[in-house]
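See below for the structure under consideration.
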Amino acid sequence: MSGRVNGAGDRIHDLQAARRGSPRPQRPSITPTEVLGMIDRVIASYGLDPRKITDPQGWRRLSLGSAECRAGVIRWSPTERYLVVFSPLLRLPTKSRQLGRLYRLLLELNHEATQGARFSIRGEVLFASITRPIRGLDEVEVEDAILSVLTIADQYDERLEEFLGRLPPAMAQLPDIKLRPKQALAIGARLAYANPHAQLVFRTMMEEWHRKGHPVDPTENGISLRAKVGEKNYGLGYLAPALARHPGTIILAWRALQRYQVFPPEAIEAFQTAVSASTSLTYTETNAHLAVTEEFGKEAAKALVRELDRLAQTGDPARDVEVAFALDSDLPQVNVGLTNESLLRLQETFRRCEPPIREIFARLMQGWADAGGTVECRRPGRVYLKLRTAEHEFGKFGIVSHFFNLAALAAPRARRGPAIDLHWNLAQGDYAYLNYVPEAVEAYLKRVSPLPGFWVESPSAAIELSPEFSMKYAEELLEAMVGLKEAAIPGG
């Protein structure tokens, strides 16, 4: 009974016994070296040098359009060798609902649409592939296998990305403004993520803003409305499209307006009062967000642009003066890319702390900056260690990148001592900015949570800095943060 499961061995035996005529003919025996020679001749027939596209493991790499495949021979069993041609298509989504829809589609495509190839999964990656024994293989079959995998990969890689909501649909209608070719391409691609209503609102705002003489600039994930004051441009509004069928968002500079210095406080207050009275806003630490729902139409968009322009007209470059800065040699010195104004706020933060805490804060700031992170000090008493994520799928907002506070170094205030506030729900919840690297997040949480003074009360977490929290623990925290950053931004 060895080797037989549920009678399968018996059924194969019966099938062979029922075969009419002579035994099944044996196909010619072929060595792996001969098959690799066939692959190389196919490659050479396309004008390529097989030696230049063979990697150290012996795989031959070919490309067609946006697809790339590898061809080679693997050992399947002690006596069997197989030709393998495969092409990696995409990294699988983490959401079970998306996976279910994707698996059903792949099974349907495997049934009749893959030309002898098949879709398969290994780990977190989806492949198109062909495998077959090398017995009796000829050069025509080798070429057919390579072309089948490349054709299916080139045909379906972008379709499947779009099916998962990772690619925008065709270019959206552009606003009626003068644009350079690269700007037009970028803005059309950004707008394609928004639903038709949001596209209309965004085009209206860009057209009105441009007519008032202000620059419109596409950025990494959206479109910036900038005000030119003197020789500098200041971002006042940001149009953030989302995936089709979901509303986009208008992001307004809010608390950040104070940092610009060029706008008078009374003009800022008038702008914020007018906008708050006419729209429904939500707030972050620095900005105000406005959802582009059906209730927010063209006339509301024009009214918002008028308020933005009214604020822009009050800008005075003479107010943008360099802040006098005197270095205090008794305080820690850091080189983290801060302006003189921010350094003044940082020195005030240091003065509020005892010397051991100053040194810990300085080490965390310098280590984070040296690792490529961003350090900000927007007000005395609080220093932000910020992380910009890689572009990744983020719920209804599609493929985005986030710039958020991974940690905040807080000086003592009122009845609270010095602390390090932490962004904790990094892979779950509404602000799961690192949901695309859940294993790295889990490793980070496990390293940080045992540190002295740590507590968590979701969604908040912090480390209260008692005398027990020495520089040794600061180094452990920094190492965990840098490790998380490296996982979140490979090579960044």
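The values are calculated or read from the model by the stated rules, or taken from the named source; none is laboratory data. None of these values were measured; they are calculated from a predicted model. Note that each Cβ is placed from the backbone with ideal geometry, even for glycine, and that neighbours are counted across all protein chains shown.
List of remarks:
- The single condition from (1) buried (at least 20 other Cβ atoms within 10 Å of the Cβ); (2) assigned to a strand (DSSP E or B) that Arg226 fails is (1).
- Scope the stretch 255-312; condition under 13 Å from Ala227 (Cβ atoms) and assigned to a helix (DSSP H, G or I); matching residues: Leu257, Tyr260, Ala267, Ile268, Phe271, Val305, Glu307, Leu308, Asp309, Arg310, Leu311, Ala312
- Residue that is crowded, with 21+ Cβ neighbours inside 10 Å, under 16 Å from Ala474 (Cα atoms) and not assigned by TED's automatic domain parsing to the domain that holds Gly222, where the choices are Leu406, Leu387: Leu406
- Residues in the stretch 94-107 include at least one that is among the β-branched types (Val, Ile, Thr), within 30 Å of Asn435 (Cβ to Cβ) and in contact (Cβ under 8 Å) with a residue 40 or more places away in the chain.
- Filter result for the condition that a residue is in the same structural domain as Glu158 (by TED's automatic domain parsing), surrounded by fewer than 18 Cβ atoms within 10 Å (Cβ to Cβ) and more than 22 Å from Asp144 (Cα to Cα), over Pro88, Pro78: Pro78
- Candidates Gly222, Gly188, filtered to the one that is in contact with a Lys or Arg (Cβ under 9 Å, 6 or more places away or on another chain) and among the small types (Gly, Ala, Ser): Gly222
- Residue within the stretch 443-464 that is basic (Lys, Arg) and more than 21 Å from Ala427 (Cβ to Cβ) present: no
- Residue match in the stretch 363-373 (condition: out of contact with any strand residue (DSSP E or B) (no Cβ under 7 Å at 6 or more places or on another chain), among the charged types (D, E, K, R) and farther than 23 Å from Arg416 by Cα): yes
- Cβ-Cβ distances below 7 Å connect the following pairs, each with a first residue in the stretch 46-75 that is surrounded by fewer than 12 Cβ atoms within 10 Å (Cβ to Cβ), a second residue that is not in a strand (DSSP E or B), and a separation of six or more residues or different chains: Ser66/Asp154; Ser66/Asp157; Ser66/Glu158.
- Among (1) more than 26 Å from Glu294 (Cα to Cα); (2) of a type outside the set (D, E, K, R); (3) modelled with pLDDT under 90, the one test that Ala227 misses: (3)
- Strands (runs of 3 or more DSSP E) within the stretch 419-492 that include 3 or more residues at pLDDT 90 or above and assigned by TED's automatic domain parsing to the domain that holds Pro356: 419-423, 460-464
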